[in-house]
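A.B. asks: Can you keep this structure in mind? I'll have questions shortly.
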Amino acid sequence: MAAISKIHFPTIDSFDGDYFFLSNFYPSPIVGVDDGIEYPTVEHYFQAHKVLDLDERAKIAAARTPGMAKRAGRAVDLRPDWENVKISVMYEALQEKFKDPELLSQLLETGNKQLVEGNSWHDNFWGDCRCPNCQYKTSYNKLGGLLMQIRRNNGEKKK
Ligand SMILES: [Zn+2]
């Protein structure tokens with residue numbers, strides 16, 4: 001019996017090259033809605049919000065690269081409510097990022113394609129890891145989902 005094949009929607013599954021602007025590592029200065037701190041990327045914003053202490057946040061905001069901010073975020077003692085707020089923190093950061101009209105217009109240009117951050121670092125929560133070990137793991141695609149939500153809220157074009 002034939003396997004049931006997945007329905008494949010047109011998908012942008014790699015946030016690099018022409019679609020690097022969808023990545024949280026893309027340079028897009030944003031100001032924290034709750035702390036007034038300027039963050040160079042969504043990654044800096046997200047990682048810094050793992051803590052409540054503003055001095056600690058400012059240090060993460062000052063990390064020279066988003067990769068360094070990510071490593072700094074791995075080393076912190078997580079705020080107690082982190083698991084409950086992390087998706088809304090990400091959404092907040094993305095909303096700030098896409099207030100930039102140029103970036104918003106690029107996002108709208110993706111039409112109604114599925115947005116999925118395909119990756120090799122085993123992240124099946126925010127994206128979809130393509131390594132053999134993750135093949136049968138469920139991908140929650142939370143980052144792509146939030147990006148598509150912002151696109152919808154801003155009147156995505158039908159293509
Ligand atoms: Zn993997």
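Nothing in this text is a laboratory measurement; each read-out follows from the coordinates by a stated rule. All values derive from a computational prediction rather than experimental measurement. We place every Cβ from the backbone using ideal geometry, glycine too, and count neighbours over all the protein chains shown.
A.B. asks: Starting from the Cα of residue 86, draw a straight line to each of the aspartates and glutamates and keep only those under 13 Å, dropping any in the same chain fewer than 8 residues away.
C.D. replies: Result set, ordered by chain and number: 43.
A.B. asks: Could I ask something else about it? Hey, how many Å between the Cα centroid of segment 120-150 and the Cα centroid of segment 57-74?
C.D. replies: Cα centres, segment 120-150 to segment 57-74: 22 Å.
A.B. asks: Ranked highest first by the average count of other Cβ atoms within 10 Å around their residues, in what order do 91-101, 75-85, 125-135 fall?
C.D. replies: 91-101, 125-135, 75-85
A.B. asks: For residue 113, give me every one of the aspartates and glutamates with a C-alpha distance below 12 angstrom, ignoring sequence neighbours fewer than eight places off in its own chain.
C.D. replies: 13, 156
A.B. asks: Relative contact order for the chain: what is it in percent, counting Cα pairs under 8 Å that are at least 6 residues apart? Can you show the working numbers first?
C.D. replies: Numbers: 220 pairs, mean separation 34.0, N = 159.
Answer for the chain is 21 percent.
A.B. asks: Hey, what's the Kirkwood Rh for segment 30-87 if you take every pair of different alpha carbons, in angstrom?
C.D. replies: 11.0 Å
A.B. asks: Round to the nearest 10 and give me the degree value, 0 to 90, for the angle of helix 142-153's Cα axis relative to the longest principal axis of the chain.
C.D. replies: Around 90 degrees separate the two axes.
A.B. asks: Per DSSP helix of 4 or more residues, -39500 (n - 2.57); summed, then divided by the residues of the chain. What does that give at 222 nm, rounded to the nearest 500?
C.D. replies: The per-residue figure over the chain is -11000 deg cm²/dmol.
A.B. asks: Hey, another quick one. What Cys residues in the chain are without a partner cysteine, judged by a Cβ distance under 4.7 Å?
C.D. replies: Isolated Cys, the chain: 131.
A.B. asks: Mind checking segment 40-88 for trypsin sites (Lys or Arg not before Pro) that DSSP puts in a loop (not H, G, I, E or B) and that have at most 12 other Cβ atoms within 10 Å?
C.D. replies: Here the sparse-neighbourhood loop sites are 64.
A.B. asks: Per residue and in cubic angstrom, what volume does the convex hull of the Cα atoms of the chain have? Let's see the in-between values first.
C.D. replies: Details: hull volume 21.7 nm³, N = 159.
Output value, Cα hull per residue: 136 Å³.
A.B. asks: Could you size up the charge dipole of the chain around its Cα centre, putting +1 on the beta carbon of Lys and Arg and -1 on that of Asp and Glu, and report it in debye to the nearest 20? Intermediate results must be reported in sequence, preceding the final value.
C.D. replies: Working: 21 positive and 22 negative charges, 120 e Å.
Using Cβ point charges on Lys, Arg, Asp and Glu, the chain gives about 580 debye.
A.B. asks: Which residue, chosen from 84, 63, 52, occupies the Cα position most advanced towards the positive end of the dipole of the chain, where the dipole is computed from +1 (Lys, Arg) and -1 (Asp, Glu) charges on Cβ about the Cα centre?
C.D. replies: Value computed over the given set: 84.
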